[in-house]
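The values are calculated or read from the model by the stated rules, or taken from the named source; none is laboratory data. These numbers were taken from a predicted model, which means no experiment stands behind them. Every residue, glycine among them, receives a Cβ derived from its backbone with ideal geometry; neighbour counts consider all protein chains shown. Surface areas here come from the heavy atoms of the whole protein model, side chains and all, with no ligands, DNA or RNA. Shrake-Rupley method; radii C 1.70, N 1.55, O 1.52, S 1.80 Å.
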Amino acid sequence: MASTEAYITGLGQSEVGVRLPRHPLLLTVDAVREALDDAGLTLGQIDGVFTYPGKMNGYTAFSPVSSDDLIEVLGIKSKWHLGAMEQPAQLSAIAAAAMAVKQGLVRHAICFRTVYEAGGMADPGTYMSGMKQDTVTGPSQWTSPFWATSAACWTAQYAARHMHRYGMTREQLGQIAINASKNAMRNPRARAITREALTLDKYMSARMISSPLCLYDCDRFTDASTVVIVSAGDALDEVTTTPVRIAAMAGSVDRYSWDQVEWFAAYETGADLWKRTDYTAEDVDTVQFYDGFAFLPITWLEGLGFCEKGEGGRFIEGGSRIALDGELPMNTFGGQLGAGRLHGFGFAHEAVNQLRGTATGRQVAGDPKLAVATSGGGPMAAALLLARD
Amino acid sequence: MNPPRPRPKLDQENTAFWTGGREGRLNIVKCGDCGEFTHPPRLLCRHCQSENVAPHAVAGTGVIDSFTVNHQPWARDLEVPYVIARVKLDGAPGVYLTTNIVHCPVEAVDFEDKVRVVFEEQDGIFYPLFERIA
């Protein structure tokens, strides 16, 4: 029988670090165990496994663990599992699990994202073997030959154009990274990534990577696993936590080619999210916006209608509005800029903690009930609206 | 001395683009039925799905839609800084090329600059780079 609603019922996360000696499969199992304990579930009750993007041979550091790996080593009797790159960004794995529980395929699904990019840099022979290509194919053939080999170079061009058209300044953009660093210092799991709060002076004098994006506008390779358990609405009597409802989901891609889109997919995704719910942007208590690059939260702010298109820079001017005690607390765990490149899943993890009131040391005041978590933003994007009823 | 540019693997779809510079042509796939352009090049028109498509030499001029001055050496011995730009091509509506702006200081590049293609050959691949039109 289909369930009408999907809920997030469990959260888990491994140690977060840079060049962790622990094998990425074991980091994943650490996160799974924490999530099961959190939800009050046992492995025997898990019947689905969802991940993004699944194991990537040749670039294992990016995604070293498959759903098959977990099914095998944990003895999961899975009714549906999925790991695929061709989805609208990282949180699509959670959206897919929600669809599965709504259809009655699955009652409790483990959703995970494991990254080992810092460890992989230290052991490229094992984890980065596919990176030594002397020829390029697929989408990268249109950018790499011009030494635009990083997403930083692509995102930078949209950030630069936003500044050119709408007048966003580096001082405004810097508030994303400054806010992230302040929040990261309140998050014990971010201590390996951020040890001191960033100042505007330090930001403005930082080494440029690809103008206007400087060092602090780019997230940092990290080793970690993050797990979210998605449960069917008719299975909530089996869990011991406060469930958080997935109130709406949206994802989009216009052109897969980064350089052919007019603007990023955050705009289309953001507009679609509100078409699927009676809530509005004004109801939202906290936002957890994908910040692989500092410009992306600007596009999410605008795309979700927290401000007009072109107004994102002015919206965050001075940083007080997006601070932990501001009117729209953003990336309260530190985001990827402050808490490491957890690659999408950190945002859902934090949103749920905030809605449960369990974000110890960084809890948003006023009993938050509604949060948005997003992933991606470039050519493809996904967004989740999460509610505590 | 810069390292060799990453080399695209030639196939049925992309060869006309990457080798057109041998004849001084910047080839963009154009539909013989609806007249629209498809880039990156594919074997059918992305506007009307016609298979009646063929490489079409465009003027090779355009304007800088956006750009970044890249300072990070992404490969060993890569000389920085250099300009990566998104060029909006004249005569091919909706087509943008990621490219480098060359033959001028990085400080000289700006939005809306008019540019024209110059090809840089490397082992039979003709990379379309752009220079500002004075």
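Total residues in segment A:248-303 satisfying the condition of being touching a residue at least 60 places away in the same chain (Cβ under 8 Å), of a type in the set (A, V, I, L, M) and not in a strand (DSSP E or B): the figure is 8.
Residue-by-condition table, conditions (1) closer than 29 Å to B:T15 by Cα; (2) more than 8 Å from chain B (Cβ to nearest Cβ); (3) buried (at least 16 other Cβ atoms within 10 Å of the Cβ); (4) not small (G, A, S):
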residue: A:G120; (1), (2), (3), (4): no, yes, yes, no
residue: A:D123; (1), (2), (3), (4): no, yes, no, yes
residue: A:T143; (1), (2), (3), (4): yes, no, yes, yes
residue: A:L173; (1), (2), (3), (4): no, yes, yes, yes
residue: A:A177; (1), (2), (3), (4): no, yes, yes, no
residue: A:N187; (1), (2), (3), (4): no, yes, yes, yes
residue: A:A192; (1), (2), (3), (4): no, yes, yes, no
residue: A:R207; (1), (2), (3), (4): no, no, no, yes
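I'd like the full set of residues that are free of Cβ contacts under 8 Å to residues at least 12 places away in the same chain, in contact with a strand residue (DSSP E or B) (Cβ under 8 Å, 6 or more places away or on another chain) and surrounded by fewer than 16 Cβ atoms within 10 Å (Cβ to Cβ), limited to segment B:38-70. Before you say what the answer is, go through the steps one by one.
Quick first cut of segment B:38-70, residues free of Cβ contacts under 8 Å to residues at least 12 places away in the same chain only: B:44, B:46, B:49, B:51.
With the extra rule that they be in contact with a strand residue (DSSP E or B) (Cβ under 8 Å, 6 or more places away or on another chain), the set shrinks to B:44, B:46.
B:L44 - this is the single residue of segment B:38-70 that is free of Cβ contacts under 8 Å to residues at least 12 places away in the same chain, in contact with a strand residue (DSSP E or B) (Cβ under 8 Å, 6 or more places away or on another chain) and surrounded by fewer than 16 Cβ atoms within 10 Å (Cβ to Cβ).
Against the definition (open to solvent by 30 Å² or more (accessible area, probe 1.4 Å), touching a residue at least 12 places away in the same chain (Cβ under 8 Å) and touching an Asp or Glu at 6+ places or on another chain (Cβ under 8 Å)), how does A:R245 come out, yes or no? Yes; evaluated as a whole, the condition is true for this residue.
Can you say whether A:S92 is in contact with a strand residue (DSSP E or B) (Cβ under 8 Å, 6 or more places away or on another chain), crowded, with 23+ Cβ neighbours inside 10 Å and not hydrophobic (A, V, I, L, M, F, W, C), as far as the supplied structure shows? So A:S92 fits the description; yes. Taking the criterion of being within 15 Å of the chain's Cα centre (by Cα) and either within 14 Å of chain B (Cβ to nearest Cβ) or not aromatic (F, W, Y) (or both), the residues of segment A:271-291 that qualify are A:T286, A:V287, A:Q288, A:D291.
Scanning segment B:61-76 for residues that are modelled with pLDDT of 95 or more and more than 8 Å from chain A (Cβ to nearest Cβ) yields B:T61, B:G62, B:V63, B:I64, B:P73.
Kindly indicate the residue of segment B:82-134 that is of a type in the set (G, A, S) and more than 9 Å from chain A (Cβ to nearest Cβ) and also least open to solvent (accessible area, probe 1.4 Å) among those meeting that condition. It comes out as B:A92.
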